[in-house]
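The structure under discussion appears below in the form of structure tokens.
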Amino acid sequence: MDLEIVTIGDELLLGFTIDTNAAHLARELAALGVRIVRRATCGDDAESIKAAVQEALERTGAVITTGGLGPTADDMTKPAIASIFGTGMVMDHDILTALRDRWRARFNHELPLSNEQQAMVPEHCTILPNRHGSAPGIWLEDARQRWVAMLPGVPREMRGMLSDTIIPRLRDRLPSSGRVIRSRTLRTANIAESALADRLGDLARGVNGLSLAYLPGSDGVDLRLTSWDRDAHEAEQVLAEAATQLRARVEPFVYGEGDDDLAAIMLAECAARNATIAVAESCTGGLLGMRLTAIPGSSRTVLGGTIAYANEVKIRELGVPAEVIAEHGAVSHEVARAMATGARLRFGSTIGLGITGIAGPDGGTPEKPVGTVWVGVDIDGDVHAVRAVLPGDRHEIRWRAAQLALDRLRKAFARDTESAAWTARG
């Protein structure tokens with residue numbers, strides 16, 4: 001089945017709201033074997049909605065919309081789409097009664113007059129119940145079996161209704177071939193997209209008939225393999241084999257799969273080693289500590305941290321020698337090492353991580369341009385530091401610096417493991 005998605009809202013076009021609905025719909029429907037062939041976003045006016053949905057219907061005959069089902073004057077989705085099907089709007093008294101009961105029970109208040117609009121529905125439509133909010137969904141279908149499913153724009157409501165009503169309907173309509181669309185993602189850090197392609201060589205364009213997408217972001221570059229038009233078992237098998245081939249080419253840079261978070265992975269590794277962490281941050285301003293402590297159970301591993309933005313704080317709180325800063329500068333190999341060690345000693349942890357850098361937009365020099373970051377890792381007195389020049393704006397550089405620190409810890413653990421393995425062999 002081919003399908004199109006139309007997300008509706010001026011706030012989406014203006015960039016004030018990120019369109020997470022389309023991404024969620026695409027992921028969930030692909031798992032059924034539904035192919036999303038086009039996604040569109042339009043404003044709240046009736047003509048834009050009508051044009052976007054009508055064009056989508058002419059191409060595929062199957063459309064899901066999100067947004068524009070609320071009680072305000074800009075919620076024009078239902079009448080705009082009803083006009084495509086040549087039908088008018090009527091009051092659904094069951095919906096009106098349910099809305100009134102909901103307002104009395106939840107808000108101890110009579111239903112505002114404006115909310116009665118939510119009970120106006122296209123004639124001859126099917127009501128899709130909404131157990132997650134007040135606006136019901138709508139299913140409109142014509143004699144040619146072209147259909148539009150209208151869902152609320154609130155992500156929590158949309159996701160709930162997709163699971164409750166849309167997926168069961170589509171599952172019944174799909175052919176019994178059992179064909180699905182499946183993806184598998186490898187997550188990499190601290191390697192550029194082009195460098196990954198070079199390392200992959202003949203696999204760079206795809207593996208065994210699977211498509212391969214490169215998805216760069218602040219965490220690194222994700223490698224996403226996708227299987228089309230196979231049954232579920234075969235798809236999982238070929239994806240696993242392809243992922244193994246990719247890993248063999250870029251193993252040093254792979255830290256996880258799917259939605260894996262490097263901070264969570266490192267905390268789990270530390271817990272397995274009975275290790276504890278303390279952090280010292282300059283340019284990241286506490287971002288590394290935030291990422292670590294966002295993980296449930298992190299209190300067993302993370303002891304604390306210091307935001308040492310000013311040089312005097314580095315000296316006073318972390319014991320960084322003033323003469324080291326004077327000679328090498330705050331953004332340097334020596335200071336990053338001293339910060340990592342200072343954090344470890346101050347908090348009595350097994351591991352100390354130190355970050356110092358120039359996040360911009362100002363402050364760079366020809367020798368140390370904006371994006372220059374030094375990360376220090378101290379594991380029980382074994383200290384390493386690495387330099388990187390990170391791309392992006394201030395926010396991206398800060399985030400990438402925190403990711404760099406986590407990845408350097410990962411690689412330090414990998415070296416320990418390799419060393420222990422060789423010692424055992426010897």
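The values are calculated or read from the model by the stated rules, or taken from the named source; none is laboratory data. Keep in mind that this is a model prediction, so the values were computed, not measured. All Cβ positions, even for glycine, are placed from backbone atoms using ideal geometry, and neighbour counts span all protein chains on display. For accessibility, only protein heavy atoms count, side chains too; no ligands or nucleic acids. Shrake-Rupley method; radii C 1.70, N 1.55, O 1.52, S 1.80 Å.
Of the residues in segment 144-156, none is touching a Pro at 6+ places or on another chain (Cβ under 8 Å) and more than 30 Å from Leu406 (Cβ to Cβ).
Taking the residues in segment 239-252 that are open to solvent by 30 Å² or more (accessible area, probe 1.4 Å) and touching a residue at least 24 places away in the same chain (Cβ under 8 Å) as candidates, determine which candidate is nearest to Leu409 (Cα to Cα). Step by step, filter segment 239-252, then rank; the result is Pro252.
Counting only residues that are of a type outside the set (A, V, I, L, M), surrounded by 14 or more Cβ atoms within 10 Å (Cβ to Cβ) and not in a strand (DSSP E or B), segment 274-301 holds 11 of them. Filtering segment 364-378 to residues that are open to solvent by 30 Å² or more (accessible area, probe 1.4 Å) and β-branched (Val, Ile, Thr) leaves Thr365, Val370.
Within the set His395, His384, the sole residue that is outside any strand (DSSP E or B) and under 29 Å from Phe347 (Cα atoms) turns out to be His395. Restricting attention to segment 26-36, the residues that are buried (at least 17 other Cβ atoms within 10 Å of the Cβ), in contact with a helix residue (DSSP H, G or I) (Cβ under 9 Å, 6 or more places away or on another chain) and assigned to a helix (DSSP H, G or I) add up to 1.
Residue-by-condition table, conditions (1) open to solvent by less than 20 Å² (accessible area, probe 1.4 Å); (2) outside any helix (DSSP H, G or I); (3) in contact (Cβ under 8 Å) with a residue 60 or more places away in the chain; (4) hydroxyl-bearing (Ser, Thr, Tyr):
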{"residue": "Leu12", "(1), (2), (3), (4)": "no, no, no, no"}
{"residue": "Ala22", "(1), (2), (3), (4)": "yes, no, no, no"}
{"residue": "Arg38", "(1), (2), (3), (4)": "no, yes, no, no"}
{"residue": "Ala51", "(1), (2), (3), (4)": "no, no, no, no"}
{"residue": "Gly86", "(1), (2), (3), (4)": "no, yes, no, no"}
{"residue": "Arg106", "(1), (2), (3), (4)": "no, no, no, no"}
